[in-house]
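The values are calculated or read from the model by the stated rules, or taken from the named source; none is laboratory data. Being a predicted model, the structure only gives us computed values, none of them experimental. Using ideal geometry, Cβ is built from the backbone for each residue, glycine included, and neighbour counts are taken over all protein chains shown.
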Amino acid sequence: MSVKKIKVIGDQINNAYARARKAFEARDPAGYQALARMQAEKGADSIDLNIDGTQRISVRTEEMMAFLPIVVPAIQAVTDVPICFDNPGLEYHRVGLKALDRSKCVRKPILNSLAASRTHLPEMIQLVKDYDLRCVIMASEKFLPGGGGAQCFQPEESYHTVLQFVDLLVSKANRSIDDIIVDPGLAPVGADTYGLVNIGIDTMRLITADPKLKGIHFSVGLTNFAWGTPKSVRDLLEQAYLTIGSEVGLDMALANIEREPQPLPADHPMVAKLRAALAQGRVVGDETQETAGFRQAEAIMEICKESEPAE
């Protein structure tokens with residue numbers, strides 16, 4: 001059975017990567033242009049712009065705000081592939097979008113991301129309307145009655161979060177279903193004691209079964225999935241997840257396009273191994289989710305051992 005192609009949001013303008021980090025440290029627009037051009041040429045559907053700090057580099061808010069008006073036009077000078085503005089803060093989006101020439105975008109830019117816990121959520125939704133954007137919504141956080149958000153631990157909670165966001169975006173921002181991209185959440189599969197990978201899969205299954213949500217999109221941060229696994233198996237694990245995710249609606253991924261992040265054939269051995277490992281992460285009887293999660297982790301460890309290159 002054939003599997004559909006995944007649209008890639010290229011993730012390499014991020015200080016977690018050495019080339020992006022070098023460009024930021026030097027405040028070098030040409031370095032960003034090279035990364036943007038490369039990702040566009042390799043077929044990225046959009047280009048993620050994340051210049052925030054990481055474990056390897058500290059970035060102050062004022063540094064980001066000063067550089068955004070320089071780097072956004074620089075990227076637009078070399079490609080018309082839309083930018084995906086990636087940051088939890090309102091001011092980042094305000095400054096970045098103000099620097100954007102909307103007429104140079106071949107498709108709608110993306111605001112990444114909206115979440116129940118965002119302090120300025122109404123203002124972010126207003127930006128989505130004012131700039132005619134697509135947007136990523138975080139299904140992994142539920143709305144709390146008194147305001148704010150909290151982690152979802154059931155797919156039904158994530159599903160209802162999406163329904164609430166769809167209502168907000170349609171009524172407040174004049175968005176269509178096609179403008180909405182759901183991030184169901186994706187945890188490192190080998191350390192997923194809360195069952196978050198399966199919750200994300202089940203969330204997508206619930207959403208795609210709802211005819212009112214037909215045409216909605218799904219995206220995950222793919223590099224999270226195989227974090228901590230050996231390099232020899234990492235790409236195959238990610239690709240196997242894309243196969244399983246695509247079966248329940250996944251059609252986009254924030255990913256490193258140089259690693260060719262596309263689904264494996266459904267009958268590939270790694271897909272079968274990952275299915276079996278995720279099945280081990282399902283709770284049986286009255287056991288705890290943590291028990292099932294450790295069983296899933298052991299199954300992933302076994303996959304890694306089997307995939308180690310022979311000495």
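Taking the criterion of being of a type in the set (D, E, K, R) and either over 22 Å from the mean Cα position of the chain (by Cα) or over 19 Å from GLY190 (Cα atoms) (or both), the residues of segment 243-297 that qualify are GLU247, ASP251, GLU258, ARG259, GLU260, ASP267, LYS273, ARG282, ASP286, GLU287, GLU290, ARG295.
Does segment 143-157 contain any residue that is under 29 Å from PHE67 (Cβ atoms) and hydrophobic (A, V, I, L, M, F, W, C)? Checked segment 143-157: no residue is under 29 Å from PHE67 (Cβ atoms) and hydrophobic (A, V, I, L, M, F, W, C). Mind telling me which of the residues SER140, SER117, SER158 ends up being touching a Ser or Thr at 6+ places or on another chain (Cβ under 6 Å), of a type in the set (S, T, N, Q) and within 25 Å of ILE201 (Cβ to Cβ)? Answer to the selection: SER158. Here is a check on your reading of the model: is ASP101 on the phi > 0 side of the Ramachandran plot and either surrounded by fewer than 18 Cβ atoms within 10 Å (Cβ to Cβ) or more than 16 Å from the chain's Cα centre (by Cα) (or both)? Here the answer is no, as ASP101 does not meet what is asked.
Here the condition is being closer than 20 Å to ASP178 by Cβ, touching a Leu at 6+ places or on another chain (Cβ under 7 Å) and not aliphatic (A, V, I, L, M); of LYS129, LYS108, it holds for LYS108 alone. Of the residues that make up segment 108-127, is at least one at pLDDT below 95, within 21 Å of the chain's Cα centre (by Cα) and not aliphatic (A, V, I, L, M)? Yes, segment 108-127 contains a residue that is at pLDDT below 95, within 21 Å of the chain's Cα centre (by Cα) and not aliphatic (A, V, I, L, M). One residue stands out among those in segment 200-226 that are among the hydroxyl-bearing types (Ser, Thr, Tyr) and out of contact with any Phe, Trp or Tyr (no Cβ under 8 Å at 6 or more places or on another chain): the one that is surrounded by the fewest Cβ atoms within 10 Å (Cβ to Cβ), which is THR208.
Residues in segment 1-23 that are closer than 13 Å to VAL71 by Cβ and out of contact with any Gly (no Cβ under 8 Å at 6 or more places or on another chain) were compared, and the one that is surrounded by the most Cβ atoms within 10 Å (Cβ to Cβ) is ILE13. Among residues of segment 248-273 being in contact (Cβ under 8 Å) with a residue 60 or more places away in the chain and over 27 Å from ILE47 (Cβ atoms), the one that is surrounded by the most Cβ atoms within 10 Å (Cβ to Cβ) is ALA266. Cβ-Cβ distances below 9 Å connect the following pairs, each with a first residue in segment 129-141 that is within 7 Å of ILE110 (Cβ to Cβ), a second residue that is of a type in the set (Gly, Ala, Ser) and in a strand (DSSP E or B), and a separation of six or more residues or different chains: ARG134/SER46; CYS135/SER113; VAL136/SER113; VAL136/SER219. I'd like to know if segment 1-14 contains one or more residues that are outside any helix (DSSP H, G or I), hydrophobic (A, V, I, L, M, F, W, C), over 16 Å from SER219 (Cα atoms) and in contact with an Asp or Glu (Cβ under 7 Å, 6 or more places away or on another chain). Scanning segment 1-14 turns up at least one residue that is outside any helix (DSSP H, G or I), hydrophobic (A, V, I, L, M, F, W, C), over 16 Å from SER219 (Cα atoms) and in contact with an Asp or Glu (Cβ under 7 Å, 6 or more places away or on another chain). Among residues that are crowded, with 20+ Cβ neighbours inside 10 Å, closer than 25 Å to ALA16 by Cα and touching a residue at least 24 places away in the same chain (Cβ under 8 Å), VAL197 is included.
Table: residues versus (1) assigned to a helix (DSSP H, G or I); (2) within 26 Å of ARG175 (Cα to Cα); (3) of a type in the set (Phe, Trp, Tyr); (4) in contact with a Ser or Thr (Cβ under 6 Å, 6 or more places away or on another chain).
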{"position": "MET38", "(1), (2), (3), (4)": "yes, no, no, no"}
{"position": "ALA44", "(1), (2), (3), (4)": "no, yes, no, no"}
{"position": "ASP52", "(1), (2), (3), (4)": "no, no, no, no"}
{"position": "VAL78", "(1), (2), (3), (4)": "no, no, no, no"}
{"position": "PHE85", "(1), (2), (3), (4)": "no, yes, yes, no"}
{"position": "VAL128", "(1), (2), (3), (4)": "yes, yes, no, no"}
{"position": "ASP132", "(1), (2), (3), (4)": "no, yes, no, no"}
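Out of ALA226, ALA277, report the one residue that is within 23 Å of MET138 (Cα to Cα) and among the hydrophobic types (A, V, I, L, M, F, W, C). Unique residue meeting the criteria: ALA226.
Every test in (1) surrounded by fewer than 20 Cβ atoms within 10 Å (Cβ to Cβ); (2) in contact (Cβ under 8 Å) with a residue 40 or more places away in the chain is passed by THR229 save one, and that test is (1). Is it true that some residue in segment 283-299 is part of a loop (DSSP other than H, G, I, E, B), in contact (Cβ under 8 Å) with a residue 40 or more places away in the chain, exposed (fewer than 13 other Cβ atoms within 10 Å of the Cβ) and among the acidic types (Asp, Glu)? No; the residues of segment 283-299 include none that is part of a loop (DSSP other than H, G, I, E, B), in contact (Cβ under 8 Å) with a residue 40 or more places away in the chain, exposed (fewer than 13 other Cβ atoms within 10 Å of the Cβ) and among the acidic types (Asp, Glu).
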